[in-house]
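A short worksheet on the structure shown next.
Each reported figure results from applying straightforward, stated rules to the coordinates on display, with no laboratory input. Predicted model only: the values in this text are computed from it and were never measured. Cβ sites come from the backbone with ideal geometry, for glycine too, and all protein chains shown count toward neighbours.
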């Protein structure tokens, strides 16, 4: 695999056979045209990879959330960002010891189960920004 495109699900076997660093590099390369606009481009790429890993591993809560976001009109890249926004919040809560469940992943799964495309659109990267990213990438800029 020499290219990552979040609009197309990577083959799970191929994706998971890559070294984690290779996956992050592929995600970072995809976002290169807007790298300067991302506050922490390395973190952005790593979170993309975490979500893709969870999808490749067929984690039910993540699969369900992604499919729901797609059914609600998001494209796959937007849906990954929607899931990633929940993941980032969860990781922040986990780092701050604000997750008290016996299984800390339960908090993440609960929020994913309630996430809607409308909520994400109201708080996340806009559809227009993603379209602009894709347009710049097609031009090779």
- Message: If each residue of separation counts as 0.36 nm, what is the full-extension length gain between residue 9 and residue 70 once their alpha-carbon separation is subtracted?
- Response: 20.7 nm
- Query: Using a Förster distance of 22 Å, how high is the FRET efficiency between residue 32 and residue 88, based on the Cβ-Cβ distance and rounded to 0.05?
  - Reply: 0.55
- How would you rank 1, 69, going from fewest to most other Cβ atoms within 10 Å of each one's own Cβ? 1, 69
- Message: What whole-number distance in Å separates the alpha-carbon centres of region 93-110 and region 15-74?
- Response: 21 Å
- Using a Gaussian network model of the chain whose springs link C-alpha atoms within less than 10 Å, name the residue from 40, 76, 121 with the highest mean-square fluctuation. 40
- When the Kirkwood radius is taken over all Cα pairs of region 43-117, what Stokes-Einstein diffusion coefficient follows at 10 °C and 1.306 mPa s, in µm²/s? 128 µm²/s
- If the chain between residue 22 and residue 122 were fully stretched, how many nm would it gain, using 0.36 nm times the residue separation less the Cα-Cα distance? 32.8 nm
- Calculate for the chain the 222 nm mean residue ellipticity that helices alone would give, adding -39,500 (n - 2.57) per DSSP H run of length 4 or more and normalising by residue count, nearest 500 deg cm²/dmol. -21000 deg cm²/dmol
- Fewest first, what order do 31, 97 take by the number of other Cβ atoms within 10 Å? 97, 31
- Task: Please work out which option in (1) -1.10, -1.46; (2) -0.96, -1.18; (3) -1.05, -1.30 gives log10 I(q)/I(0) by the Debye sum over Cα atoms at q = 0.18, 0.21 Å⁻¹ calculated from these coordinates, and answer with its label.
- Result: (1)
